[in-house]
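Reading through the structure tokens given below for one structure.
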Amino acid sequence: MASRRVLILVHGLQAGGGERQLALMASGLASFGWAVDILTLSPGGPHWDELRKVRGVTLESVDRSGALDFGVLVRCVRHIARHDVAVVQGWMQPCNTFAALAGMMTRRPVVLGVRTISDAVVGFGPRLYLRSEPLLARLSRGTVVCNSLAGLREWQARRPRTRVMHIPNGLVPPPRALPAPIARPRALRIGMLARLDPVKRHDVVLKALAIVRREGVEATFVNWGAETARQRAALERLARELGVSDDVEFHASYGNVWDALGQIDVFVSASRAEGMSNSLMEAMAAGRVIVATDAGDTRDMLSSPEGPCGFAVDGDADGIAGAILHVSANPGLARSYAATAARKAAHAFSVPAMVQAYESVYTSALSHGEAGIAAPPPMR
């Protein structure tokens, strides 16, 4: 019988949405009897501390010294040989590149985890890795797994000569019901859970806040997300210029996502490019009123047979401000949308379904050679 050991290569286990999904998947696979080896390019992070307690999951860091340190590939190959790894899984770039190359070198089935879309990738190096993915997928005869429908459509448009699948994100629901949004008269509390990154467009949200305030609606804004001093200073300067600085807060992190979401009424996502947003999924589960730009999977996520789960809007400040003003003028309608979102999240974003789907990909690769390679013999 082939080994049930998977090696997952990931940049790190910090507090990002993709890393959170990996932690859920790895824990689930271990509970199904898989041995899960996670090889990171750098050590530490909240999900490292979480996963080190999970039986069946082992963690190792290759301590990559920089962007030109390709010795990580040698260490991946040695790990596969020493531990009789059956399947090699990449989890985002640049780890998809290392996984494809290591899989080819050791004749292991390869799975590439694509968790972004091209418009969200900036910089020469990251875009070079992105452009190499179709070729590497074909050469390694790998299976490509997209977590978003937007990513799936992008891959299908390339007419890839490899298997491409969609496995949506999973969500652990909040442990308790959160207070209803817009529950009593007070300033409208607007919030985001997003790293300070131009693609997330915090500047547009601040401009929308200024428009809302000029229309006579009392509102505040808070963001939780990774930041640099330079990024934060630039946004704080913009808030002062717009005259809203007294009602704007930035926090580098949050202790508990549900505690953070419980402090806001309206969750805003202003991304100019998005796949399947983890923070949007969490805001739905928390029963927040949602205003989100129509990017990636947003419109699909905010649709339900029961009716709308939020407001999908144009991506400029006027569009976001208009939706927030509509929420302020129609709180009952906004709360009904939030309740619909919470009901959808409770059944549509299943962690067991996500884990079972990945297990199916791995077992198919091993038993039927879906990655183009039969179940591998032990390496000596």
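The values are calculated or read from the model by the stated rules, or taken from the named source; none is laboratory data. Note that the structure is a prediction, hence the values are computed from the model and not measured. Note that we place each Cβ from the backbone using ideal geometry, even for glycine, and neighbour counts take in every protein chain shown.
Looking across region 336-357, just one residue is assigned to a helix (DSSP H, G or I) and aromatic (Phe, Trp, Tyr), and that is TYR337.
Of all the residues in region 62-77, those that are surrounded by 14 or more Cβ atoms within 10 Å (Cβ to Cβ) and part of a helix (DSSP H, G or I) number 5.
Is it the case that ILE38 is buried (at least 20 other Cβ atoms within 10 Å of the Cβ), within 17 Å of the chain's Cα centre (by Cα) and assigned to a strand (DSSP E or B)? Taking the combined requirement at face value, the residue does not satisfy it. Restricting region 167-194 to residues that are within 17 Å of the chain's Cα centre (by Cα) and surrounded by fewer than 19 Cβ atoms within 10 Å (Cβ to Cβ), the residue that is farthest from ALA283 (Cα to Cα) is VAL172.
Scanning region 233-253 for residues being crowded, with 16+ Cβ neighbours inside 10 Å and within 14 Å of ALA194 (Cβ to Cβ) gives a total of 2. The condition of being out of contact with any helix residue (DSSP H, G or I) (no Cβ under 8 Å at 6 or more places or on another chain), within 24 Å of SER140 (Cβ to Cβ) and either free of Cβ contacts under 8 Å to residues at least 12 places away in the same chain or aliphatic (A, V, I, L, M) (or both) holds for only one of ARG52, ARG107, ARG78, that being ARG78. Report yes if some residue within region 351-363 is at pLDDT 95 or above, surrounded by 14 or more Cβ atoms within 10 Å (Cβ to Cβ), among the hydroxyl-bearing types (Ser, Thr, Tyr) and over 26 Å from the mean Cα position of the chain (by Cα); otherwise report no. No, the conditions are met nowhere in region 351-363. Residues of region 108-123 that are assigned to a loop (DSSP other than H, G, I, E, B) and either in contact with a Pro (Cβ under 9 Å, 6 or more places away or on another chain) or buried (at least 21 other Cβ atoms within 10 Å of the Cβ) (or both): ARG108, PRO109, ARG115, THR116, ILE117, VAL122.
Count of region 200-232 residues, restricted to those that are farther than 23 Å from THR298 by Cα, surrounded by fewer than 17 Cβ atoms within 10 Å (Cβ to Cβ) and out of contact with any helix residue (DSSP H, G or I) (no Cβ under 7 Å at 6 or more places or on another chain), is 7. Do we have TRP91 as closer than 21 Å to GLY28 by Cα, of a type in the set (A, V, I, L, M, F, W, C) and in contact with a helix residue (DSSP H, G or I) (Cβ under 7 Å, 6 or more places away or on another chain) here? Here the answer is yes, as TRP91 does meet what is asked.
Looking only at residues that are part of a loop (DSSP other than H, G, I, E, B) and in contact with a Pro (Cβ under 9 Å, 6 or more places away or on another chain) in region 155-166, which one is surrounded by the fewest Cβ atoms within 10 Å (Cβ to Cβ)?
For region 155-166, the residue satisfying everything is ARG161.
Look at (1) touching a residue at least 40 places away in the same chain (Cβ under 8 Å); (2) in contact with a helix residue (DSSP H, G or I) (Cβ under 8 Å, 6 or more places away or on another chain); (3) farther than 25 Å from THR340 by Cβ and you find that LEU235 fails only one, number (1).
So which residues in region 1-23 are aliphatic (A, V, I, L, M) and either within 16 Å of PHE98 (Cβ to Cβ) or in a loop (DSSP other than H, G, I, E, B) (or both), if there are any at all?
Matches in region 1-23: MET1, ALA2, VAL6, LEU7, ILE8, LEU9, VAL10, LEU13, ALA15, LEU22.
Scanning region 81-96 for residues that are farther than 25 Å from GLY170 by Cα and either modelled with pLDDT under 95 or surrounded by fewer than 24 Cβ atoms within 10 Å (Cβ to Cβ) (or both) yields ALA81, ARG82, HIS83, ASP84.
Filtering region 197-242 to residues that are more than 15 Å from ASP318 (Cβ to Cβ), of a type outside the set (D, E, K, R) and part of a helix (DSSP H, G or I) leaves PRO198, VAL199, HIS202, ALA229, GLN231, ALA233, ALA234, LEU235, LEU238, ALA239.
Any residue at all in region 316-332 that's of a type in the set (Ser, Thr, Tyr) and surrounded by fewer than 23 Cβ atoms within 10 Å (Cβ to Cβ)? Scanning region 316-332, I find at least one residue that is of a type in the set (Ser, Thr, Tyr) and surrounded by fewer than 23 Cβ atoms within 10 Å (Cβ to Cβ), so the answer is yes. Could you say whether any residue in region 294-309 is in contact with a helix residue (DSSP H, G or I) (Cβ under 8 Å, 6 or more places away or on another chain), within 20 Å of ALA187 (Cα to Cα) and not charged (D, E, K, R)? Checked against the condition, which is being in contact with a helix residue (DSSP H, G or I) (Cβ under 8 Å, 6 or more places away or on another chain), within 20 Å of ALA187 (Cα to Cα) and not charged (D, E, K, R), region 294-309 yields no hits at all. The residue that is nearest to ARG107 (Cα to Cα), among those in region 339-350 that are surrounded by fewer than 18 Cβ atoms within 10 Å (Cβ to Cβ) and at pLDDT 95 or above, is ARG343.
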